[in-house]
């Protein structure tokens, strides 16, 4: 008897549907949590939405990345567990379908999730890699809004303790505390380095004393402390490692379920979640470590694999209730 043709509407459809459902649900939770950080600025009448958007975009990209990173393995785990619980996996096994072959049939569905996750991870990593670029966008958007002001007003620039002073008949002026010394600087424009260690000011004016006013056409402040932290991982490498880790977690949990090494819905979801959570935790720890080698970041798939296998082993060691025969 030949091997059964496992149709897409049995395994691939279930896996895709559940992965999409988990990803959307987690995305809504993540965006809701991110909105808590963005909402105070969005509701501030002195902060136009155009100024809030660069920061909101960064928060949304990271929330969506985490949602798809976690939702993809969870969706596949739930679909595989259901496939096993209704007995279809056993039927296909009896007819010669191995767990590895069934897992490979899900690759087309995984390619779509990998593409989406790669885009989200690259976009989020690009902003995380250069936080100064995001802050410069905040300054630029504030200046653009200030130019179109029809009445005297002040536009707050989030995170910089700075404000654009706007008037219809005057050029915008940026008022902010100086990063060095107890001074207040007003400038025609400002540009922040990607690593936050340098600020370039155009047409800067500040007061040094009762009779000392300084005006410079261009001013550059270097050697500033990194009051914000930039990612040490290039966006392209981040995207590759995240996609590899997610695909590894999703495929491995399906294989473990089909081979009956993991049993039960709750256990399946716990094992599936352990890999991405371990990868995200490792990534965050490496980002906060001073001067880690990029080679260490390539161990993220290994952290995913180790977490899933260890969680599956611990789950197998737990005592299970045995059904007793009725008299």
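The values are calculated or read from the model by the stated rules, or taken from the named source; none is laboratory data. Note that the structure is predicted; figures quoted are calculated from it, not measured. Cβ placement follows ideal geometry from the backbone for every residue including glycine, while neighbour counts extend to all protein chains displayed.
In segment 153-190, what residues are over 35 Å from the mean Cα position of the chain (by Cα) and either assigned to a loop (DSSP other than H, G, I, E, B) or loosely packed, with under 13 Cβ neighbours inside 10 Å (or both)?
168, 169, 170, 181, 182, 183, 184
When segment 103-113 is examined, which residues are found to be part of a helix (DSSP H, G or I) and surrounded by fewer than 21 Cβ atoms within 10 Å (Cβ to Cβ)?
Those that are part of a helix (DSSP H, G or I) and surrounded by fewer than 21 Cβ atoms within 10 Å (Cβ to Cβ): 104, 107, 108, 111, 112.
Conditions tested, residue by residue: (1) at pLDDT 85 or above; (2) more than 15 Å from residue 244 (Cα to Cα); (3) surrounded by 10 or more Cβ atoms within 10 Å (Cβ to Cβ); (4) in contact with a strand residue (DSSP E or B) (Cβ under 7 Å, 6 or more places away or on another chain).
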site	(1), (2), (3), (4)
300	yes, no, yes, no
303	yes, no, yes, no
306	yes, no, yes, no
311	yes, yes, yes, no
317	no, yes, no, no
321	no, yes, no, no
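Check off (1) modelled with pLDDT of 85 or more; (2) over 24 Å from residue 278 (Cβ atoms) for residue 42 and give me the number that stays unchecked.
(1)
Is there a residue being at pLDDT 80 or above, more than 30 Å from residue 197 (Cα to Cα) and outside the structural domain of residue 198 (by TED's automatic domain parsing) anywhere in segment 121-134?
no
Please pick out the residue among 203, 189, 169 that is modelled with pLDDT of 85 or more and over 18 Å from residue 158 (Cα atoms).
203
Take the residues in segment 130-140 that are surrounded by fewer than 21 Cβ atoms within 10 Å (Cβ to Cβ) and in contact with a helix residue (DSSP H, G or I) (Cβ under 6 Å, 6 or more places away or on another chain); name whichever of them is farthest from residue 20 (Cα to Cα). Break it down stepwise before answering.
Keep residues of segment 130-140 that are surrounded by fewer than 21 Cβ atoms within 10 Å (Cβ to Cβ), which gives 130, 132-134, 136-137, 140.
Adding the requirement that they be in contact with a helix residue (DSSP H, G or I) (Cβ under 6 Å, 6 or more places away or on another chain) leaves 134, 137.
Working: 134: 30, 137: 32 Å.
Restricting to residues being surrounded by fewer than 21 Cβ atoms within 10 Å (Cβ to Cβ) and in contact with a helix residue (DSSP H, G or I) (Cβ under 6 Å, 6 or more places away or on another chain), the top hit is 137.
In segment 43-72, how many residues are free of Cβ contacts under 8 Å to residues at least 24 places away in the same chain and in contact with a helix residue (DSSP H, G or I) (Cβ under 7 Å, 6 or more places away or on another chain)? So that I can check it myself, show each step before the final result.
If we filter segment 43-72 for residues that are free of Cβ contacts under 8 Å to residues at least 24 places away in the same chain, which is where we start, we get 43, 45, 49, 56.
In the following step, the residues that additionally are in contact with a helix residue (DSSP H, G or I) (Cβ under 7 Å, 6 or more places away or on another chain) were identified as 49, 56.
So the answer is 2.
Just one of 19, 11, 15 is more than 13 Å from the chain's Cα centre (by Cα), closer than 21 Å to residue 119 by Cβ, modelled with pLDDT under 85 and crowded, with 21+ Cβ neighbours inside 10 Å; which is it?
Going through 19, 11, 15 in turn, the sole match is 15.
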